[in-house]
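The block underneath contains the structure these notes are about, expressed in structure tokens.
What follows draws every value from the coordinates through simple rules; no lab data is involved. Computed from a predicted structure; not experimentally measured. Cβ placement follows ideal geometry from the backbone for every residue including glycine, while neighbour counts extend to all protein chains displayed.
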Amino acid sequence: MQHKTLFHLLLVITYIFAGLSAFSYLVTAAMLPTMQQLYADNPGLLPEQFGVMMQQMLDTPRGYFLGAGLLYLLEVLGAALMWRLRWTGFHCYTLSRLLLLLLPLLFLGRGFVGIGDIMFALLFVAVYYMLMRRLTADEKEPPAGEGDTPQE
């Protein structure tokens with residue numbers, strides 16, 4: 001698989017994942033007060049198995065969902081700029097991934113960041129960095145046939 005094809009495939013995956021995550025977190029941030037009121041008014045609304053998970057979600061500060069949604073939008077912006085081989089996009093993407101790892105620490109405490117999340121973020125940042133370096137270096141090389149003739 002060519003480097004550019006792999007790069008675009010990974011960017012499409014990022015668009016889909018980050019776009020859906022941004023939508024989900026922003027809708028949750030918008031609906032959280034309504035969900036809290038609904039659940040408080042109807043405590044037996046969900047089966048007991050779901051009640052524990054729902055209570056954890058409802059106890060999560062609204063700022064967490066809003067922050068995560070905005071950071072995922074920054075990730076989408078970074079991917080869009082990387083599609084155009086802009087290093088600014090790589091920096092936006094990397095910043096959003098780093099802040100998304102720190103966000104649970106700020107709002108939820110130490111136990112909410114998994115090693116898998118860290119490894120996944122590092123993997124994508126490293127692969128994007130290597131591909132961006134490769135593709136931007138390819139852009140600077142002259143096309144075949146130009147610059148190949150020796151100067152006399």
Fill in: Spin-label pair residue 99/residue 119, simplified geometry with 7 Å Cα→Cβ offset, distance in nm
2.7 nm
Worksheet item: What is the list of residues in segment 56-74 whose amide nitrogen lies under 13 Å from a point 7 angstrom out from the Cα of residue 38, following Cα to Cβ?
Response: 58
Worksheet item: Under the definition of Cα pairs under 8 Å and six or more residues apart, what whole-number percent is the relative contact order of segment 3-137?
Response: 28 percent
Discussion item. What FRET efficiency comes out for residue 108 versus residue 8 if R0 is 35 angstrom and r is the Cβ-Cβ distance? Round to the nearest 0.05.
Written reply: 0.50
Worksheet item: What per residue convex hull volume, in Å³, do the alpha-carbon atoms of segment 3-137 yield?
Response: 108 Å³
